[in-house]
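The values are calculated or read from the model by the stated rules, or taken from the named source; none is laboratory data. If you're wondering where the values come from, they're calculated on a predicted model, not measured in any experiment. Glycine also receives a Cβ, built like all others from the backbone with ideal geometry; neighbour counts cover every protein chain displayed.
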Amino acid sequence: MKAPARESSPLLVTDSDALRKQVARARRDGKSIGLVPTMGALHAGHLSLADAARRDCGFVVVTIFVNPTQFGPHEDFARYPRTLEADAQLLAGHGVDLIYAPSTEAMYRAQHATYVMMEGPALVLEGEFRPGHFRGVATIVLKLFNLVQPDRAYFGRKDFQQALLMRHMVADLNLPIHVEICPIVREADGLALSSRNVYLSPDERRRALAISQCLRLARQLVAEGKTDARAIVARMRAMLDAASLQIDYVALADPNTLAPIEQVTQPTVAAIAARVGATRLIDNMMLGETD
Ligand code: PAF
């Protein structure tokens, strides 16, 4: 059922008891619960997830938590942008009911010893280049699922593998949660929105465009009838090299299993991770589709 957009500020809670109390009250009022997990530094991509949750659910919770366990030792945990006040202001115009922004200590007690390990599609692409990343993601998302107990949870397709893995986790662990995967939001010139885009210098911002451009190239080659994945990937890599990006991977894969594709004669996701200077960006696009 469509809920009207509301302008009032969301309630900001940092305490899990307060969170549970508010969610329980909404449930008693017969409302369905929508969850949008984020690490903050919100942009229009996150807001589109909040809007989707608002459309579907009676009570919308956005969580803001920069999760240390999903960052590798040499990654950007310390410098990841933390902009809680601005985030809360942004969410006010999107009908969000509650923001849950716990401290690290509240989420991970000193004796924390339990982690969610995923296999299969968790071991390739991001899993290969960021060992331990999905262990951290799955662990925090399961904790948030347990705290909020949402009916529906919203993830962006920019993190294609993450969203796919969340669907797997929900199915594997029999969680009664519908995982909704929402479209990538892009700048007018094609750059996928990411909280990490703020790290880019003007020159890096310009060079980063090669990522979405080479995904479009792959889509165009497939539309022209090219099917040889190796040849398509070679063209994509050449475009990224020309922009002096440092490639982690360029992959054409089955969108359900993430197994590599040799001939693009079935639904295929093209996925990229590349560094522009010190900033690592990811992006993806379905081939053989138009959106
Ligand atoms: O996509 C993100 O922002 C994070 O990986 C998530 C899902 C909020 C877990 O920390």
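Things to note:
- Residue 55 being part of a loop (DSSP other than H, G, I, E, B) and more than 13 Å from the ligand (Cβ to nearest atom): no
- Residues satisfying the stated conditions in region 131-146, i.e. hydrophobic (A, V, I, L, M, F, W, C) and surrounded by fewer than 19 Cβ atoms within 10 Å (Cβ to Cβ): 142
- Residue in region 19-26 that is under 20 Å from residue 178 (Cα atoms), modelled with pLDDT under 95 and either more than 11 Å from the ligand (Cβ to nearest atom) or of a type in the set (Asp, Glu) (or both) present: no
- Of all residues in region 224-262, those being within 12 Å of residue 287 (Cα to Cα), touching a residue at least 24 places away in the same chain (Cβ under 8 Å) and either among the polar types (S, T, N, Q) or not in a strand (DSSP E or B) (or both) number 6.
- Restricting region 263-281 to residues that are assigned to a loop (DSSP other than H, G, I, E, B) and of a type in the set (A, V, I, L, M, F, W, C) leaves a set whose member that is surrounded by the most Cβ atoms within 10 Å (Cβ to Cβ) is 264.
- Residue 125, sole failed condition from (1) within 13 Å of the ligand (Cβ to nearest atom); (2) crowded, with 17+ Cβ neighbours inside 10 Å: (1)
- Sub-8 Å Cβ pairs linking a first residue in region 60-85 that is in a loop (DSSP other than H, G, I, E, B) and at pLDDT 95 or above to a second residue that is of a type in the set (Val, Ile, Thr) and more than 14 Å from the ligand (Cβ to nearest atom), at least 6 apart or interchain, are 81/198, ordered by first then second residue.
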